[in-house]
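Here's the structure, in structure tokens; my notes come after.
The values are calculated or read from the model by the stated rules, or taken from the named source; none is laboratory data. Just so you know, these numbers come straight off a predicted model, no measurement behind them. Methodologically, a virtual Cβ is constructed for each residue, glycine included, from the backbone with ideal geometry; neighbour enumeration extends over all protein chains shown.
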């Protein structure tokens, strides 16, 4: 069980202070980024009317997520935000799937990863809201239905970041804990590989989709 709490740290000395980084998360994140860059390169290298299998997969991702974004944001805004939504989903999907591969871990198992994406979605949504409504109308929305409701409305917006981040983190970390416990009980003979595939492929896909769609919804709420 000690494996769950083991953290490979990278300590950097800056101006007399020690900055500590989770080396495992950094490495796994760059593995995901590199894989996505390679996938994008291969999918667009030889585009044709009769696409190859990699181009087909890429077009399926783009068309599917573009359609969902268009339904929520409209045609004009979907052109602006669908690349972000597509990249977010593919990154989270591959990150959640990474744990299926032996000796690799999910970057989303560390709270910093989902929390950073939650904050990113929060900033993008409110920036979009200010651009769409104007600063006066945007601030006025926090005072509805009465002005004294403003603190509660602000807390509600901040709670969205906590909710979306901890949902993803809790599901991925919970799956890792279950797999680790069962591995110790069964000596990693039969059950853990099936659990690993289940939490990585199925739960990982669902959570990546939920996180991405909630981000789209948060943006839609602010601009409409």
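Given the conditions (1) in contact (Cβ under 8 Å) with a residue 40 or more places away in the chain; (2) surrounded by fewer than 12 Cβ atoms within 10 Å (Cβ to Cβ), which single one is not true for residue 151?
It fails just one condition, (1).
Criterion first (surrounded by 15 or more Cβ atoms within 10 Å (Cβ to Cβ) and either assigned to a helix (DSSP H, G or I) or at pLDDT 90 or above (or both)) does residue 216 satisfy it? Even if it seems obvious, please write down each step before you answer.
Details: surrounded by 15 or more Cβ atoms within 10 Å (Cβ to Cβ): yes; either assigned to a helix (DSSP H, G or I) or at pLDDT 90 or above (or both): yes.
Considered against the rule, which asks whether it is surrounded by 15 or more Cβ atoms within 10 Å (Cβ to Cβ) and either assigned to a helix (DSSP H, G or I) or at pLDDT 90 or above (or both), residue 216 comes out as yes.
What do you reckon, is residue 100 under 19 Å from residue 30 (Cβ atoms), surrounded by fewer than 22 Cβ atoms within 10 Å (Cβ to Cβ) and either touching a helix residue (DSSP H, G or I) at 6+ places or on another chain (Cβ under 6 Å) or touching a residue at least 24 places away in the same chain (Cβ under 8 Å) (or both)? Steps first, answer last, please.
Values: under 19 Å from residue 30 (Cβ atoms): yes; surrounded by fewer than 22 Cβ atoms within 10 Å (Cβ to Cβ): yes; either touching a helix residue (DSSP H, G or I) at 6+ places or on another chain (Cβ under 6 Å) or touching a residue at least 24 places away in the same chain (Cβ under 8 Å) (or both): yes.
So residue 100 fits the description; yes.
Residue under question is residue 129, and the condition is that it be assigned to a helix (DSSP H, G or I), farther than 30 Å from residue 30 by Cβ and touching a residue at least 60 places away in the same chain (Cβ under 8 Å); does it hold? Show your work before the answer.
Values: assigned to a helix (DSSP H, G or I): yes; farther than 30 Å from residue 30 by Cβ: yes; touching a residue at least 60 places away in the same chain (Cβ under 8 Å): yes.
It is true that residue 129 is assigned to a helix (DSSP H, G or I), farther than 30 Å from residue 30 by Cβ and touching a residue at least 60 places away in the same chain (Cβ under 8 Å).
Look through region 182-209, keep the residues that are surrounded by fewer than 18 Cβ atoms within 10 Å (Cβ to Cβ) and closer than 16 Å to residue 86 by Cβ, and return whichever of them is modelled with the highest pLDDT.
209
Return the residues of region 103-117 that are in contact (Cβ under 8 Å) with a residue 60 or more places away in the chain, over 12 Å from residue 172 (Cα atoms) and assigned to a helix (DSSP H, G or I); say none if nothing qualifies.
If the condition is that a residue be in contact (Cβ under 8 Å) with a residue 60 or more places away in the chain, over 12 Å from residue 172 (Cα atoms) and assigned to a helix (DSSP H, G or I), then 112, 117 are the ones that fit.
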